[in-house]
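Here the structure comes first, spelled out in structure tokens, and everything after it is commentary.
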Amino acid sequence: MSAATHEKELRSKLFLNVPAFETGDAVKIVEVSRGAAFIEALSIGNIAYLAYFGHSWNDGVGALYLHGADAPDTNLSNAGGVNDTAITKIPKENFRADAQIRLFGCQGAFGTNSAAEQFANHLKLKVYGYSNSGGSLFTQDKTLGHGKRAVKKADTEFKKFKKTSDTWLIPINGTPTFREF
Amino acid sequence: MRKNTFDHKTIGLAFCLSLQMLFCISCARGQTSKTTRAVPEIKSEQPDAPTPASSNEAPADERQIKELVDKIKLIDNLPPKLSQPFNGKYAKEIIELGEKAAPYLAAKITDASNSNYSYLFRHKVGDVALILLQKIYQTKNFPFPDDSEKLPSKYGDYRDYTKFMRSAKARKRLQNSWKNYIAQQKQQSKS
């Protein structure tokens with residue numbers, strides 16, 4: 001739902017500070033659960049903008065968790081663990097020189113050696129991630145989704161989702177804040 | 001030259017994974033419903049044997065274990081994947097205790113007071129205890145280790161867990177399942 005909302009906002013230019021969507025641009029939403037599939041999906045090439053909606057964390061060396069299984073190729077990280085596929089394996093040539101990457105998962109740019117920092121160091125592109133600590137939260141509150149206020153306790157309490165409403169994936173602590181690398 | 005804007009979605013998959021991953025993937029809370037239900041706060045029970053009647057009489061190590069497990073309410077950092085190391089304060093120490101901590105963790109399962117940990121939803125103390133038990137035992141079945149009960153699958157993601165845990169006596173049934181499992185594991189390790 002968050003990816004669909006983001007696509008909608010890209011097309012209508014409602015999400016700020018990302019490459020402008022122009023008529024004729026192609027937008028693809030792809031679901032992957034392995035590093036190899038992630039890399040393969042990027043082979044479409046000529047990428048101006050990549051947004052990641054999924055699990056991630058930074059416990060010393062940041063990682064994208066593409067799948068919850070304790071299995072090889074389920075994480076994207078330079079941590080070197082048995083389940084990690086290195087971010088350095090992502091081919092640079094699939095991206096345009098001025099491309100941007102934005103990570104919407106937890107702690108994408110939190111602390112040192114975050115996933116965002118690893119992506120930026122390898123691809124030499126602008127990479128953004130949330131610098132907030134803690135986990136993530138889905139919200140259907142547009143003000144919160146766009147980072148215009150801090151998360152309140154009431155936002156973390158159980159509420160029913162409206163299936164047709166826009167949804168945003170944001171940090172659960174504080175005001176959603178992107179950090180640039 | 002035409003640009004390709006590539007949007008990468010893993011949300012659907014992430015929701016499914018949470019059921020396998022000890023629900024470190026918290027539920028996302030949606031929009032306001034017209035009515036809200038109060039969640040009763042349930043104090044955690046005392047664990048079963050081997051603790052004696054009075055905690056003042058407990059051996060020092062039992063007391064220390066209990067005191068450490070009582071700190072799960074302070075845990076605010078758990079990775080959202082069971083196979084990753086748990087390096088956060090208190091979580092690491094409790095995990096290192098291993099099965100010694102299990103009875104005390106099982107006692108916490110019925111505690112529906114808010115913990116300090118949130119991942120997509122505010123976890124209760126009992127939810128954090130369950131995460132730590134799953135980390136210690138690496139059980140295949142979630143959340144009932146003996147597979148005595150299964151989560152209804154309405155959403156196919158973590159929302160099935162949070163909805164289930166709000167149902168009557170779910171926490172108690174889950175606690176009983178874990179107590180039985182812990183006892184079985186202890187018996188097997190003796191034989």
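The values are calculated or read from the model by the stated rules, or taken from the named source; none is laboratory data. Keep in mind that what you see is a predicted model, and the values were worked out from it rather than measured. Here Cβ is always computed from backbone atoms with ideal geometry, including for glycine, and neighbour counts include all displayed protein chains. To get the accessible areas, we keep the full protein, side chains included, count just its heavy atoms, and leave off ligands, DNA and RNA. Shrake-Rupley method; radii C 1.70, N 1.55, O 1.52, S 1.80 Å.
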Fill in the blank from the handout: In the neighbourhood of A:THR143 defined by beta carbon distances under 15 Å, the net charge of the other residues (Lys, Arg +1; Asp, Glu -1) is 0
Exercise for the section: Pull up the cross-link candidates among the lysines for A:LYS126, meaning alpha carbon to alpha carbon under 28 Å and not fewer than 8 places away within one chain. Expected result: A:LYS8, A:LYS13, A:LYS28, A:LYS89, A:LYS92, A:LYS142, A:LYS148, B:LYS3, B:LYS9, B:LYS81
Completion exercise
Interface buried area A-B, accessible surface with 1.4 Å probe, both sides summed, nearest 100 Å², comes to 5000
Exercise for the section: Filter the GluC sites (Glu not before Pro) in region A:21-116 down to the DSSP loop ones having no more than 12 other Cβ atoms within 10 Å, then list what survives. Expected result: A:GLU22
Problem - Extension gain from A:LYS8 to A:ASN121, taking 0.36 nm per residue of separation minus the Cα-Cα distance - result: 37.7 nm
Completion exercise
chain A, Gaussian network, Cα under 10 Å: of A:SER56, A:SER33, A:SER133, the residue fluctuating most is A:SER33
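Can you pick out the pairs among B:LYS100/B:LYS150; B:LYS66/B:LYS108; B:LYS71/B:LYS124; A:LYS163/B:LYS154; B:LYS124/B:LYS186 whose Cα atoms lie more than 19 Å from each other?
Details: B:LYS100/B:LYS150 27 Å; B:LYS66/B:LYS108 11 Å; B:LYS71/B:LYS124 13 Å; A:LYS163/B:LYS154 14 Å; B:LYS124/B:LYS186 27 Å.
The pairs that break the limit, which is 19 Å between Cα atoms, are B:LYS100/B:LYS150; B:LYS124/B:LYS186.
Per residue, how much accessible area does region B:94-153 show when a 1.4 Å probe rolls over the protein heavy atoms, in square angstrom?
Numbers: 1910 Å² over 60 residues.
The answer is 32 Å² per residue.
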Practice task
With a 10 Å radius around each residue's Cβ, average the other Cβ atoms per peptide and rank B:178-191, B:114-127, A:95-108, highest first.
Solution key: B:114-127, A:95-108, B:178-191
Exercise for the section: Over region A:1-127, average the accessible area per residue using a 1.4 Å probe and give it in Å², no decimals. Expected result: 39
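Treating only the Cβ of Lys, Arg, Asp and Glu as charged (+1, +1, -1, -1), what charge dipole size does region A:2-70 show about its Cα centre? Round to the nearest 20 debye.
Numbers: 5 positive and 8 negative charges, 38 e Å.
The calculated dipole for region A:2-70 is roughly 180 debye.
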Fill in the blank from the handout: Expressed in µm² per second, the diffusion coefficient of chain A from the Stokes-Einstein equation, with Rh the Kirkwood radius over alpha carbon pairs, at 10 °C and 1.306 mPa s, is 95
Problem - FRET E, pair B:ARG166, A:THR177, Förster distance 35 Å, beta-carbon r, rounded to 0.05 - result: 0.65
Practice task
Using a 10 Å cut-off on Cβ to Cβ distances, tally the other chain neighbours for every residue of A:160-172 and report the average as a whole number.
Solution key: 3
Fill in the blank from the handout: Each residue of A:87-93 has, on average, a number of other protein chain C-beta atoms within 10 Å of its C-beta equal to 0
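Could you work out [θ]222 nm for chain A from helices alone, using -39500 (n - 2.57) per DSSP H run of at least four and dividing by all its residues? Round to the nearest 500 deg cm²/dmol.
Details: 5 runs with 34 residues, N = 181.
It lands at -4500 deg cm²/dmol.
R0 = 30 Å: FRET efficiency of B:ASN180 with B:LYS92, Cβ-based, nearest 0.05? Show your work: numbers first, answer last.
On the way: r = 27 Å, r/R0 = 0.91.
E between B:ASN180 and B:LYS92, to the nearest 0.05, is 0.65.
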Exercise for the section: State the answer as a single residue: which of B:LEU130, B:GLY156, B:ILE94 lies farthest towards the positive end of the charge dipole of region B:73-170, with beta carbon charges of +1 for Lys and Arg and -1 for Asp and Glu, about the Cα centre. Expected result: B:GLY156
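For the pair A:THR112 and A:ALA20, what calculated FRET efficiency results from E = 1/(1 + (r/R0)^6), where r is the Cβ-Cβ distance and R0 = 41 Å, to the nearest 0.05? Write down the numbers at each step before the final one.
Working: r = 32 Å, r/R0 = 0.78.
After rounding, the FRET efficiency stands at 0.80.
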